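Q: Please find one structure pasted underneath; my questions will follow.
The values are calculated or read from the model by the stated rules, or taken from the named source; none is laboratory data. Keep in mind that this is a model prediction, so the values were computed, not measured. Positions of Cβ are backbone-derived with ideal geometry, glycine not excepted, and every protein chain shown enters the neighbour counts. Quick note on the areas: whole protein, heavy atoms, side chains included, nothing else; ligands and nucleic acids left out. Shrake-Rupley method; radii C 1.70, N 1.55, O 1.52, S 1.80 Å.
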Amino acid sequence: MRPPRHPWLLTVIATAITAVFLLPVYWMVKTGLTRPDRVQTPDPQWVPSPVTGENYSTALGYEGLTRALLNSLVISCGVVALTLLLGVPLAYALARIRMRGSGAMVLALLVAQLPPAIVLAAPLFILERRAGLTDTYLGLIAADTTLTLPFTVIVLRPVLRAVSPELEEAALVDGCGLPGVLLRVVLPLMVPGVVAAAGLSFLIGWGEFLFGLTLADGPDVQPVTVLLNAFIGQHGASWGALMATATLISIPVVCVFAVFQRFIVGGLTAGSVRG
């Protein structure tokens, strides 16, 4: 591949595009550090002056924040566990086992990613209400898993296909059963893909809003994203406190991505190349 004639120009363009995408994030953090009476001044301030922690004190003083953060943590971890519990065996079956309808299953998983979440919210509400799962952690975890499971299978299936079948055949000859082959031979070889699927499932579970609003009636199980919506109604035009709350609930997401970004990028790249 020939090197670009003007690499500095590509750097400038990439920097400008990145800055545009990061502008809302910067504005959120900046507004959270701006004095409440200066948030909506006619001339916007690009740098808060003076910097204040008043908005963060208001956000941290909200009595439902700790409970909502705990709810989001429980739901996100539950989504990761359920997604991997169902997604790894399903991806293995679709990648390795010859069975009728496997192509239709993969197509159905692809189609399942197409409808917006609002389309799924109504039928999920009816089904979970009949099953007595509304306003429970399990109901929210199951609902969020409908978003993460298709993506996980689509990511892991190419990764599994890249694993040499001879290793599995050798393990079977040595007397290892199919579950043992999956757990002892295949799973250790697909760690980057599994970590990528787990990290993205956590991010989706943490940021999900619609199911938390429609499938949970009260603050006992509602995630922190729903609390953010309630925060808007309660504080009206208190944008400083709202942006401070948004910054606080974004910190776990950034931390998770920072820890697992190598696996997430590597797993997605492996899946796309080998698929």
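Q: Over the residues of the stretch 1-126, compute the C-alpha Rg and express it relative to 2.2 N^0.38 Å.
A: With N residues counted in the stretch 1-126, Rg over 2.2 N^0.38 Å equals 1.74.
Q: Just to verify a number: what accessible area does Leu70 come out at with the full protein assembly present, 1.4 Å probe, Å² rounded to tens?
A: Approximately 90 Å² of Leu70 is accessible to the 1.4 Å probe.
Q: For the stretch 98-185, what is the accessible area per residue in Å² when the probe is 1.4 Å?
A: 59
Q: Another one. Considering only C-alpha atoms, what is the centroid distance from the stretch 59-129 to the stretch 165-218, in Å?
A: 13
Q: For the stretch 81-202, take the alpha-carbon Rg, divide it by the Kirkwood Rh, and send me Rg/Rh.
A: For the stretch 81-202, the value is 1.04.
Q: Relative contact order for the chain: what percent, with Cα pairs under 8 Å and sequence separation of 6 or more?
A: It comes to 31 percent, rounded to a whole number.
Q: Quick one: dipole size for the chain, taken about the Cα centre, charges +1 on Lys/Arg Cβ and -1 on Asp/Glu Cβ, in debye to the nearest 20.
A: Approximately 880 debye in magnitude.
Q: How much of the accessible area of the chain, in percent, comes from carbon and sulfur atoms when a 1.4 Å probe is used?
A: The nonpolar share, carbon plus sulfur, comes to 69 percent.
Q: While we're here: Over the chain, what portion of Cα pair distances is larger than 31 Å, expressed as a whole percent?
A: 43
Q: Moving to a separate point now. Suppose accessible area is computed on protein heavy atoms with a 1.4 Å probe; arrange Phe260, Phe211 from highest to lowest.
A: I get Phe260, Phe211, largest accessible area first.
Q: Right, here's the next one. At 1.4 Å probe size, with no ligands or nucleic acids counted, give the accessible surface of Tyr137 in Å², nearest ten.
A: 60
Q: A further question on this structure: To the nearest 500 deg cm²/dmol, what mean residue ellipticity at 222 nm is calculated for the chain from DSSP H runs of n ≥ 4 alone, each contributing -39,500 (n - 2.57), summed and divided by the residues?
A: -24000 deg cm²/dmol
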